[in-house]
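Student: Structure below; questions to follow.
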Amino acid sequence: MKYFSSRGGMQPQSFSEILLEGLAPDGGLAVPDHYPQVSLATLESWKNLRYGELAFEVLKHYATDIPQADLTALTTKTYTEAVYGTEAITPVRDLFDGMKVLELSNGPTLAFKDMAMQLLGNLFEYQLARVGQELNILGATSGDTGSAAEYAMRGKKGVRVFMLSPAGKMSAFQRAQMYSLQDPNIFNIAVEGLFDDCQDIVKAVSEDLPFKSRQKIGTVNSINWGRISAQVVYYFNAYLRVAAKVGDPVSFAVPSGNFGNVLAGHIARMMGLPIRKLVVATNENNVLDEFFKTGVYRPRTSKETHITSSPSMDISKASNFERFVYDLMGRDPKALKALWDQLAKDGKFDLSADPRFKEVEAKYGFVSGCSTHADRLNTIREVYQRTGTLIDTHTADAVKVAKPYVEVGVPMVVLETALAVKFAETIEEATGQVPPVPKAFEGIEKLPQRVVNMPISVDAVKQFIATHTHL
Ligand SMILES: Cc1ncc(COP(=O)(O)O)c(C=O)c1O
Ligand SMILES: N[C@@H](CCOP(=O)(O)O)C(=O)O
């Protein structure tokens, strides 16, 4: 498998190369030259695989330059009961009214990011040893990528993590998870802005090619294809658990911000997984919902971005949307680049009159909706009253948005992207219940925190990296 840039400006590269590369040199995102096809017969043969075995079966199509014996060793080592607390790794539980919940948050940091990040940590370690290189990871987080990356990379040889987070915008638990880490290879930087500002800095640093190459800069956000490919696996796993028989349709509802998670569902669908609908659920930051309803894509400025009680989705410029639009434009990098040039000039583009936009639902299964703080409270309360379980605020957004799209005879699987304890304040507001704190995190909010504050400045971040890469 070879990878190209969505904007056309990258020589073909292998999986291992783009794994360390992150953003493509022309500012675009790495995309595979084709989507491997999985037949129903193959799907049937995967039914009884363990999660690590299934991950190997899916990823071997993408990581074609990693010897299969090594890849299987990596996936088996990553997806264990010891790390995820359950042999199923991502169990599915019943909710109500035709909906089910896919548990993706049983990993070390209690959010779905662990599913890919734990593998990425092992892949980085493996690949860096193969090429004898070090890696300085520059990441942006709105709350969960940061801790998942830091827990996956802490203590890893030859890897440092520089993680930008929006100062004061994450939950107290999320802040404590990241900032309480004292490992010498972890650096937390709180930026006086929002997630989008942090992500812009990551991209600007990555686009300075001499600096990137000199400082060996890599990424762990979903702009890194390695993240996306690992996330494709749980759609296959959930499908095999939920479909009454292989070939039956299943829908998925996905709390969405940077569009990485639902893009992984789109890729699973492009590979032949019988997904009926992909429900894109946003919070009050509804840029994606607006696009799927109208064809107009208008990312908002930081000033127009709402700070909400599902803070990890407070994103107005979804990086991975570019990968979907690349597919929508017939995988034509020139057409994609023209749209992104227009975006840079006008701040938006409009596909409402384009016949390809009209097929978004029929051809790709995408539908969408948005949710508010009041919706979140009502949904968390309803789930608690009807099932006795607590769901987090992001999962609640997806349950709310999924409801009108549930069809008789088609299971609707809602992706649980975090555990309630990460957003305890809102859960208590909704239900009067304080979510139980797992033993590993008892007292975490009282631990000393290690974080550096910074303005929104690419130069300040570069300088910080340059002075800390020898440590
Ligand atoms: C808890 C939670 N839910 C949903 C999302 C949105 O996922 P994505 O950015 O892949 O769209 C995020 C952040 O990415 C998150 O941390
Ligand atoms: N919601 C994320 C934001 C970054 O998303 P990513 O999937 O691109 O890493 C977070 O919690 O940090």
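Student: Whole angstrom only: what separates the Cα centroid of the stretch 39-96 from the Cα centroid of the stretch 452-471?
Tutor: 38 Å
Student: Just to verify a number: what accessible area does residue 457 come out at with the full protein assembly present, 1.4 Å probe, Å² rounded to tens?
Tutor: Estimated to the nearest 10 Å², residue 457 gives 30 Å².
Student: Enter the accessible area of residue 35 (Å², nearest 10), with the probe set to 1.4 Å and all protein chains included.
Tutor: 30 Å²
Student: Given the C-alpha centroids of the stretch 153-174 and the stretch 240-256, what is the distance between them in whole angstrom?
Tutor: The distance from the Cα centre of the stretch 153-174 to that of the stretch 240-256 comes to 33 Å.
Student: Evaluate the distance, in nm, between pseudo-label points positioned 7 Å from the Cα of residue 97 and of residue 457 along their respective Cα→Cβ axes.
Tutor: So the label points at residue 97 and residue 457 sit 5.1 nm apart.
Student: Still on this model: For the stretch 290-348, which whole percent of the accessible surface, found with a 1.4 angstrom probe, sits on carbon and sulfur atoms?
Tutor: Working: 1410 of 2560 Å².
After summing per-atom areas, the C and S share lands at 55 percent.
Student: So what is the relative contact order for the chain, in percent, with contacts set as C-alpha pairs under 8 Å and at least six apart? Display every interim value, and only then the final one.
Tutor: Working: 937 pairs, mean separation 91.4, N = 471.
Reported relative contact order: 19 percent.
Student: Kindly write out, for the stretch 380-389 in residue order, the coupling ³J(HN,Hα) from the Karplus curve 6.51 cos²θ - 1.76 cosθ + 1.60 (θ = phi - 60°), rounded to whole Hz, with x marking Gly and Pro.
Tutor: 4, 5, 4, 5, 5, 5, 8, 10, x, 10
Student: Can you tell me the accessible area per residue over the stretch 331-461, all protein chains present, probe 1.4 angstrom, in square angstrom? Walk me through the numbers on the way to the answer.
Tutor: On the way: 6580 Å² over 131 residues.
Result: 50 Å² per residue.
Student: Continuing with this model, one more query. Just reorder 389, 305 by solvent-accessible area, largest first, 1.4 Å probe, all chains present.
Tutor: These residues rank, largest area first, as 389, 305.
Student: Need one word for the stretch 142-211: rounded, prolate or oblate. Basis is the Cα gyration tensor (sqrt eigenvalues a ≥ b ≥ c); a/c below 1.5 gives rounded, then a/b vs b/c decides. It would help to have the intermediate numbers written out before the result.
Tutor: Values: a/c = 2.33, a/b = 1.07, b/c = 2.17.
Since a/c reaches 1.5 but b/c is at least a/b, the shape of the stretch 142-211 is classed as oblate.
Student: With every protein chain present, what accessible area does residue 405 have (1.4 Å probe, heavy atoms only), rounded to the nearest 10 Å²?
Tutor: Residue 405 has an accessible surface of roughly 50 Å² with all protein chains in place.
Student: Round to a whole angstrom and tell me the spacing of the C-alpha centers of the stretch 132-146 and the stretch 290-343.
Tutor: 22 Å
Student: Sticking with the crude label model, points 7 Å out along Cα→Cβ, report the distance from residue 183 to residue 374 in nm, one decimal please.
Tutor: 4.4 nm
Student: What is the local net charge at residue 60, summed over the other residues whose Cβ is closer than 12 Å to its Cβ (Lys, Arg +1; Asp, Glu -1)?
Tutor: Numbers: positive: none; negative: 53, 57, 65, 70.
Here the charged neighbours net out to -4.
Student: Provide the per residue accessible area, probe 1.4 Å, for the stretch 201-284, rounded to a whole number of square angstrom.
Tutor: Numbers: 1790 Å² over 84 residues.
Accessible area per residue: 21 Å².
Student: Using a 1.4 angstrom probe with every protein chain in place, what is the largest-first accessible-area order of 246, 413, 131?
Tutor: Details: 246 25, 413 0, 131 80 Å².
Largest accessible area first, the residues go 131, 246, 413.
Student: Please give the net charge around residue 209, taking every other residue with its beta carbon less than 12 angstrom from that of residue 209, where Lys and Arg add +1 and Asp and Glu add -1.
Tutor: Numbers: positive: 212, 214; negative: 21, 26, 207, 208.
Computed value for this residue: -2.
The values are calculated or read from the model by the stated rules, or taken from the named source; none is laboratory data. All values derive from a computational prediction rather than experimental measurement. Positions of Cβ are generated from backbone atoms using ideal geometry, with glycine treated the same way; all protein chains shown enter the neighbour counts. Only protein heavy atoms, including side chains, enter the accessible area calculation; ligands, DNA and RNA are left aside. Shrake-Rupley method; radii C 1.70, N 1.55, O 1.52, S 1.80 Å.
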